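First comes the structure, then the notes that go with it.
Here, each number is a calculation from the coordinates, and none is a lab measurement. None of these values were measured; they are calculated from a predicted model. Positions of Cβ are generated from backbone atoms using ideal geometry, with glycine treated the same way; all protein chains shown enter the neighbour counts.
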């Protein structure tokens with residue numbers, strides 16, 4: 001084999017090795033869902049009589065992206081390209097809260113505001129998320145201010161503040177545990193909203 005062919009062959013092999021080494025593993029995608037029906041008993045024995053729309057959802061800009069943003073110290077976060085939300089995080093939160101509220105309110109009609117059914121809702125639940133932390137191997141933390149408004153305009157808005165921390169410590173997959181902890185945290189927030197609706201909504 002000539003020298004030029006040897007050089008060419010070596011270059012091809014080297015390029016292949018570099019390509020193989022630089023190939024990133026495929027991204028993992030996650031969703032926020034409502035908790036399973038058996039996770040908590042409904043707090044309303046019969047369906048809440050009013051229909052509800054969930055949204056809008058406000059998020060800190062730092063976490064409002066497809067990638068997981070995990071906290072790595074008081075003033076440092078890390079963006080993980082290989083772990084991503086399967087849908088916009090605002091949409092995932094609205095869908096999770098809507099599902100939880102429907103369960104907690106005995107099967108009430110609850111939909112995210114982006115769905116057409118929300119046009120006829122009688123109450124709007126907005127969520128202003130102040131903190132959405134993923135702490136690997138430790139916990140998921142939510143700090144959210146929520147507001148309930150009647151579309152009839154016959155009552156003052158109802159406001160509340162939920163601060164929830166759910167453990168994500170596990171011997172299994174750390175990121176699965178983080179998402180599961182976020183699901184539980186949003187379930188807790190939803191129950192607080194449901195309790196306020198049951199206590200103070202017009203009868």
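At a glance:
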| quantity | calculated |
| --- | --- |
| Segment residue 46-residue 199, extension gain: residue separation times 0.36 nm, minus the distance between their alpha carbons | 53.6 nm |
| Residue-span extension gain [residue 152 to residue 24] - 0.36 nm each, minus C-alpha spacing | 40.8 nm |
| Sum of -39500 (n - 2.57) over DSSP H runs of 4+, divided by residues of the chain (222 nm, nearest 500) | -11000 deg cm²/dmol |
| Acute angle (nearest 10 degrees) that the helix 174-200 long axis makes with the longest principal axis of the chain, alpha-carbon atoms | 10 |
| Cα-based helix-to-principal-axis angle, 3-22 vs the chain, degrees rounded to 10 | 20 |
| 10 Å binning of all Cα-Cα separations within the chain, expressed as whole percents from 0 upward | 8, 31, 27, 15, 7, 5, 4, 2, 1, 0 |
| Shape category assigned to the stretch 87-203 from the gyration tensor of Cα positions, a/c cut at 1.5 | prolate |
| Degrees between helix 89-104 axis and first principal axis of the chain (Cα, 0 to 90, nearest 10) | 40 |
| Sequence ranges 98-110, 65-77, ranked by mean other-Cβ count within 10 angstrom, highest first | 98-110, 65-77 |
| Highest to lowest packing among 183-196, 46-59, 80-93, scored as the average C-beta count within 10 Å | 183-196, 46-59, 80-93 |
| The stretch 26-200: relative contact order in percent, alpha carbon pairs under 8 Å with at least 6 residues between | 26 |
| The stretch 39-112: C-alpha gyration tensor shape, a/c 1.5 cut-off, then a/b vs b/c | prolate |
| Cα gyration tensor category, rounded, prolate or oblate, for the stretch 151-194 with a/c compared to 1.5 | prolate |
| FRET efficiency, 1/(1 + (r/R0)^6) with R0 25 Å, evaluated for residue 171 and residue 76 via beta carbons | 0.45 |
